[in-house]
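Participant: This is the structure I want to talk about, given as structure tokens.
The values are calculated or read from the model by the stated rules, or taken from the named source; none is laboratory data. All values derive from a computational prediction rather than experimental measurement. Positions of Cβ are generated from backbone atoms using ideal geometry, with glycine treated the same way; all protein chains shown enter the neighbour counts.
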């Protein structure tokens, strides 16, 4: 009996293997494929034409059909190009909560996806705080238990694994538990708001996160490797989404170029997606020391972008790298989307300092505000703060402040002529606006939103309405992965700086290259891609915030190393921090990155500069030097300091034979 059993088992196994071989052979030979972002149970973005794309044999005709019971079906056809790529465009859909079918056919093959809905789709991307799973968050268990009660679908990509590693899932305890907590609670608030205002609207959420990643992993500009962008974001384009929720920056907390990098990343994603006004909700970093630079950069980028909103969360429990209090973060992100993206008549932002309307009044600064809601207040009943002020040059001093109607007055007895002000750089901050935003099923209310920390110059009187002249002489010179811009200096005595705008078509629309003012009459744009034509124009801005008309438009096409001869070099990144030592002592550290005009890192260059703040290279104002290794020079102070310290560094010169250093000297 044993021999008979083994004989039958052997024949059965052989048959199964043969069947598996046939199935595998069929799979390998099948030419038709659809991008893996399309799967059963997906949500398609409503109110926008719907591209469907994939591969087939070159020259093969592909027909895509979308069907719902009780809804008129639609079809579109295309022919695969010489590389086998095909794409069709279907007509825009309304919100549809019933289950439809998407079929893709050639003459010999059919791929069908079932359980398809149409509604609102959001991409949630960034590093570990966006990837933080719902099951680990405060209140996550209750949310998981109720996940199947809502019309939501999720698609999860993590760690650089692209769409082929995932599929759409109906939200339930298991799929929601592993999903981004911030993204889930944002989607839940949107789903409940839609239910209250227009009926059932399916919500689709796409997670694309990678723990511990700097922004360089999400962009090509500024020398970025863009590996996560290519694997998880570019790989799903042009699958339509309504907007992006972006929560990243912990790995760029002290990066002085973060504002420019973030603005360039947003521009690249919009360009590649073909959605020039794609909304971005920028979630500002939580309350943790060392992240002031990144938080201020996130404010600058959102403030300069008409299609971006800032989500301030510094008042929430923080202090750790991964705060588990994620539900308020998601709800505030949804409130931003409701107000800016969907036009809900609510105050969706905390107070935002209005630089142009702020003014100097004797020995006080009078700060004006946008997004005041129902008025400014402090959550502890004390005067607003912490504020610090400084003269046009010199150190910041702790300041007093008071709410005066719709403004905040700030002053310090140690600064008789204040021109600069910081808010909440050394603390959480207690300034809010009063709002009344119904959330959840309508019974919950968000009653206040927090003001972001910031640092600004205030030099106007608040009544200057005359703009400076438009810049002249703008020229653009292409490099490898960069464009060098130069123009003539403006002559106005109250000039604050310049703004530089970029587009890929001469007619626009144009977007800011960097959200902050450019103080010199030249700029190196590293946020570009070789082979793409870029158009530029510049404006000038005075101390009162008046912006000039546009300069003439110029264009340049960056090229690879084959079309570029190194002739100059510049500092493309300057990051400072402190290193802990024994007995509480700290050492100041500056890391300087140098690239040539072709975008290549410059090694063996001598970088000279000096520390400021609490550190020096010996005597005060003495210079120190270090050589670059693979484009990076690291300089350390010769002295140490304890307690609350500040570290600054200014590069005065970079020397290497055959290359000219293009930069301003130390002030």
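Participant: Does residue 437 meet the test of being surrounded by fewer than 12 Cβ atoms within 10 Å (Cβ to Cβ), within 29 Å of the chain's Cα centre (by Cα) and at pLDDT 95 or above?
Facilitator: no
Participant: For residue 192, are the conditions met, namely being in contact with a strand residue (DSSP E or B) (Cβ under 7 Å, 6 or more places away or on another chain), outside any loop (DSSP other than H, G, I, E, B) and modelled with pLDDT of 95 or more? Break it down into steps so the answer makes sense when it comes.
Facilitator: Details: in contact with a strand residue (DSSP E or B) (Cβ under 7 Å, 6 or more places away or on another chain): no; outside any loop (DSSP other than H, G, I, E, B): yes; modelled with pLDDT of 95 or more: yes.
In short, no.
Participant: Would you mind stating whether residue 211 is closer than 21 Å to residue 268 by Cα, under 21 Å from the mean Cα position of the chain (by Cα) and assigned by TED's automatic domain parsing to the domain that holds residue 327?
Facilitator: On the way: closer than 21 Å to residue 268 by Cα: no; under 21 Å from the mean Cα position of the chain (by Cα): yes; assigned by TED's automatic domain parsing to the domain that holds residue 327: yes.
Judged against the criteria, residue 211 is not a match.
Participant: Something else about it: So, in segment 229-254, exactly how many residues are modelled with pLDDT of 95 or more and outside any loop (DSSP other than H, G, I, E, B)?
Facilitator: Summing the residues that are modelled with pLDDT of 95 or more and outside any loop (DSSP other than H, G, I, E, B) in segment 229-254 gives 13.
Participant: If the requirement is being in contact (Cβ under 8 Å) with a residue 40 or more places away in the chain, crowded, with 17+ Cβ neighbours inside 10 Å and closer than 19 Å to residue 559 by Cα, which of these qualifies: 484, 512?
Facilitator: 484
Participant: Residues that are touching a helix residue (DSSP H, G or I) at 6+ places or on another chain (Cβ under 8 Å) and within 30 Å of residue 284 (Cα to Cα), at least 3 per element: which strands (runs of 3 or more DSSP E) completely within segment 65-183 meet that? Steps first, please.
Facilitator: Numbers: elements: 71-79, 85-90, 96-105, 110-126, 152-158.
Where strands (runs of 3 or more DSSP E) fall fully within segment 65-183 and carry at least 3 residues being touching a helix residue (DSSP H, G or I) at 6+ places or on another chain (Cβ under 8 Å) and within 30 Å of residue 284 (Cα to Cα), they are 110-126, 152-158.
Participant: Among 68, 122, which is the only one that is surrounded by 14 or more Cβ atoms within 10 Å (Cβ to Cβ), assigned by TED's automatic domain parsing to the domain that holds residue 209 and under 30 Å from residue 179 (Cα atoms)?
Facilitator: On inspection, the qualifying residue turns out to be 122.
Quick grid of which residues meet (1) out of contact with any helix residue (DSSP H, G or I) (no Cβ under 9 Å at 6 or more places or on another chain); (2) part of a helix (DSSP H, G or I); (3) more than 19 Å from residue 453 (Cα to Cα):
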| site | (1), (2), (3) |
| --- | --- |
| 317 | yes, no, no |
| 334 | no, yes, yes |
| 340 | yes, yes, yes |
| 360 | yes, no, yes |
| 384 | yes, no, no |
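Participant: Out of the residues in segment 398-437 meeting the condition of being touching a residue at least 60 places away in the same chain (Cβ under 8 Å) and part of a strand (DSSP E or B), tell me which one is farthest from residue 334 (Cα to Cα).
Facilitator: Among those that are touching a residue at least 60 places away in the same chain (Cβ under 8 Å) and part of a strand (DSSP E or B), it is 423.
Participant: Related question: Can you name the residue in segment 529-544 that is buried (at least 18 other Cβ atoms within 10 Å of the Cβ) and modelled with pLDDT under 90 and is also nearest to the chain's Cα centre (by Cα) among such residues?
Facilitator: 530
Residue-by-condition table, conditions (1) assigned by TED's automatic domain parsing to the domain that holds residue 293; (2) modelled with pLDDT under 90; (3) under 30 Å from residue 397 (Cα atoms); (4) touching a strand residue (DSSP E or B) at 6+ places or on another chain (Cβ under 9 Å):
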position: 450; (1), (2), (3), (4): no, no, yes, yes
position: 469; (1), (2), (3), (4): no, no, no, yes
position: 484; (1), (2), (3), (4): no, no, no, yes
position: 489; (1), (2), (3), (4): no, no, no, yes
position: 496; (1), (2), (3), (4): no, yes, yes, yes
position: 503; (1), (2), (3), (4): no, no, no, yes
position: 508; (1), (2), (3), (4): no, yes, no, yes
position: 514; (1), (2), (3), (4): no, yes, yes, yes
position: 517; (1), (2), (3), (4): no, yes, yes, yes
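Participant: If you don't mind, another one. Can you pull out the residues in segment 42-65 that are within 27 Å of residue 170 (Cβ to Cβ) and buried (at least 17 other Cβ atoms within 10 Å of the Cβ)?
Facilitator: Of everything in segment 42-65, those that are within 27 Å of residue 170 (Cβ to Cβ) and buried (at least 17 other Cβ atoms within 10 Å of the Cβ) turn out to be 42, 43, 44, 45, 46, 50, 51, 52, 53, 54, 64, 65.
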